[in-house]
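First the structure, in the form of structure tokens, and then the observations on it.
Please treat every number below as a calculation from the coordinates, not as lab data. No experiment lies behind these values; they were computed from the predicted model shown. FYI the Cβ positions are ideal-geometry reconstructions off the backbone, even for glycines, and counts take in every protein chain you see.
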Amino acid sequence: MSLGRLLHDGQAAATRTRWNNNHPEAYHKGTYSETILPVACNAFYDDFWTRLDFWVAADNSAGYWTKELLDVATIAHLAEACGWCRCSLTNAHETQHAVLDCGAICTYELDYGLQFEARVRAHVLPTGTSEIYVGMGETFNPGTIGAGSPAATYALFTMVAGGAVSIYTNDGVTVTGPIATGYTQVADDIGTVRIDITNPANVKFYINGTRICRATTFNLSAVAATWQPMLGPWKDDDASLGVLDIDYVRIWQERY
Amino acid sequence: MDIGKLTNDHGLCATRTRWVNQHPEEYHNGTYKETCQPIAECYYYDDFWTRWDRYVAADNSAGFWERQLTGAAPPTVGWIAGAGGWVEMAMTAGGAGEAQTAGIDCADILTWNPAYGLQFETKLVVSVLPTLVSECWWGVANANVETTIVTGGPTMHAFFVLDGSGALLVHTDDNAVSSGSVATGITLTAGVGACFRIDFTNPASVKFYVNGVRVCATTTFVMSAATLMQPMLQCFKAAGQGLGTMAVDYVRLWQERY
């Protein structure tokens, strides 16, 4: 149900409001359907304006974010309009990952109407064994996506060589995926992805505001663990590539 | 256009809503007309609650803000414990009338785009008004250049400026067109705070507000050629004598994403 369009001097404004699962939201009526202002008790937002904002010390000793880095992979701020975070693999023949998470501090609960939204682009599409993850899960456990990796339980947008975007979920017992979204990423094309866990028994996924994989029921009601956000590329011991750019991350849920 | 007054069970509420340039905002209907909650895609807000919030290492190695400090005397930039939390930047008398800078910016990481309807708002108090060669300025700019604003400064900037006194001026420069030392008609009093806003909805006519009232309305401040910017709040003096201290209560910036 829409709250109604906000009007300005007789014209439709870009900013509008909507009801989404009992919560009012302001959103941008554009290509990406960005949720501007979720009205929720517990809301996190990082736009990566400068030097990874909330994220702090080079040694990962403080801050909201933690860099999960193996070998010469890098995570760094990208000074473009609006600020970005770049997670990069190199072509060195070695296992690498460059994943941004909360350092295994998992504080988000699936039973509280958890919502995850991020605006991302693959600056370098995955090649070979590389995979790019965007979503949420338990403690990061690097490896080919499947049972136990990249976390014991998770809900993720994934991208593999060629740019095909799929959905994977894992409730700790059953891995559901890869479920093809029908989207194939072109390098540097931007998309807003959203994971809606209003009902853990039927988790919904969106790209640019359009629901995808409708025919599949993603049931995560068995997940008892709390989660953290998880974004970045991983590869096995070879020369594969993959670079993920993150414009913003928003996460919100009820508190009780 | 006013969206309407928010009411509660006991009458009118201090927080109200308004439209500004196609974006709804919540604002406080008091002296300062503070924008409480702009509703825009990109949004930054720092209230300096404790120990610099998002500003981080003592060595300036990380965080949203970076301290700019020049001078051996030395000038200072630090958090101070007042209601709401503040960050204070102060110049000192200094030996031999040295040049000094005490300010904060984003380490020349430029990510704010004037072409995207950029808005800058801050509430601050100038506790020691600039004297002699001292200046204080606040607004947005490209890379920091430590020179006097009235003759130079960053090649692109939009600033409120105090130059050796409490007389409030506006300076803009987009590296193509400059408008300098335009008097607002307002003289700040030491220790009395105010809310300052710079509105880039139309870069060809940037607007400046003090406590919600537009100033310099007869001047067209052209920033059409401006590229990416950062927030910048600074006390500065060239070699010579002068003082100046200002305390910043909060900084908000917002814009569209595309």
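Comparing mean-square fluctuations of B:Arg16, B:Arg67, B:Arg197 from a GNM of chain B with C-alpha springs under 10 Å, the top value falls on B:Arg16. Annotation note: GluC sites (Glu not before Pro) in region A:103-152 located in DSSP loop regions with a Cβ neighbour count of at most 14 within 10 Å are absent.
With the contact rule set at Cα under 8 Å and sequence spacing of 6 or more, what percent relative contact order holds for chain B? Taking the mean separation of contacting Cα pairs over the length of chain B, I get 26 percent.
Over region B:25-146, what is the relative contact order in percent, taking alpha-carbon pairs closer than 8 angstrom and at least six residues apart?
Relative contact order of region B:25-146: 18 percent.
Comparing A:Trp65, A:Trp227, A:Trp49 in a Gaussian network model of chain A where C-alpha atoms under 10 Å apart are linked, the largest mean-square fluctuation is found at A:Trp49.
Based on Cβ point charges of +1 for Lys and Arg and -1 for Asp and Glu, what charge dipole magnitude is obtained for chain B about its Cα centre, in debye rounded to the nearest 20?
Working: 14 positive and 24 negative charges, 93 e Å.
It works out to roughly 440 debye.
Site pair B:Thr218 and B:Gln241 shows an inter-label distance of 3.7 nm when each label is modelled 7 Å from Cα along Cα→Cβ.
Taking square-rooted eigenvalues a ≥ b ≥ c of the alpha carbon gyration tensor, is the protein assembly as shown rounded, prolate or oblate, where a/c under 1.5 means rounded and, failing that, a/b exceeding b/c means prolate?
Details: a/c = 2.17, a/b = 1.61, b/c = 1.35.
Since a/c reaches 1.5 and a/b is larger than b/c, the shape of the protein assembly as shown is classed as prolate.
Counting other beta carbons within 10 Å of each Cβ, put A:Met230, B:Met91 in order, fewest first. Walk me through the numbers before you get to the answer.
Working: A:Met230 24, B:Met91 30.
So the residues, fewest neighbours to most, are A:Met230, B:Met91.
Over all other residues within a Cβ to Cβ distance under 14 Å of B:Leu124, the charged ones net out to -3, with Lys and Arg as +1 and Asp and Glu as -1.
Computed from the C-beta positions of A:Ile179 and A:Asp238 and an R0 of 30 Å, the FRET efficiency is 0.70 to the nearest 0.05. Given the options B:Thr220, B:Thr155, B:Thr31, which has the most mean-square fluctuation in a GNM of chain B, springs set between C-alpha atoms less than 10 angstrom apart? Evaluated over chain B, the most mobile residue of the options is B:Thr31. Phi-derived couplings, Karplus 6.51 cos²θ - 1.76 cosθ + 1.60 at θ = phi - 60°, listed residue by residue for region B:80-96: 10, 8, x, 4, x, x, 9, 10, 10, 10, 9, 8, 10, 4, x, x, 6 Hz, with x used for Gly and Pro.
So how strong a dipole does region A:64-193 carry about its Cα centre when Lys and Arg Cβ are +1 and Asp and Glu Cβ are -1, to the nearest 20 debye?
Values: 4 positive and 13 negative charges, 49 e Å.
Rounded to the nearest 20 debye, it is 240 debye.
For q = 0.10 Å⁻¹, what log10 I(q)/I(0) does chain B give under the Debye formula with an equal point scatterer on each alpha carbon and no solvent? Log10 I(q)/I(0), no solvent term: -0.46. With contacts taken as Cα pairs under 8 Å at a separation of at least 6 residues, chain A carries a relative contact order of 26 percent.
Around A:Ala92, what is the net charge, scoring Lys/Arg as +1 and Asp/Glu as -1 over all other residues with Cβ under 15 Å from its Cβ? After counting each charged neighbour, the total is -4. Under 12 Å from a point 7 Å along the Cα-to-Cβ line of B:Leu132: which residues of region B:64-103 have their amide N that close? Output list for this probe position: B:92-100.
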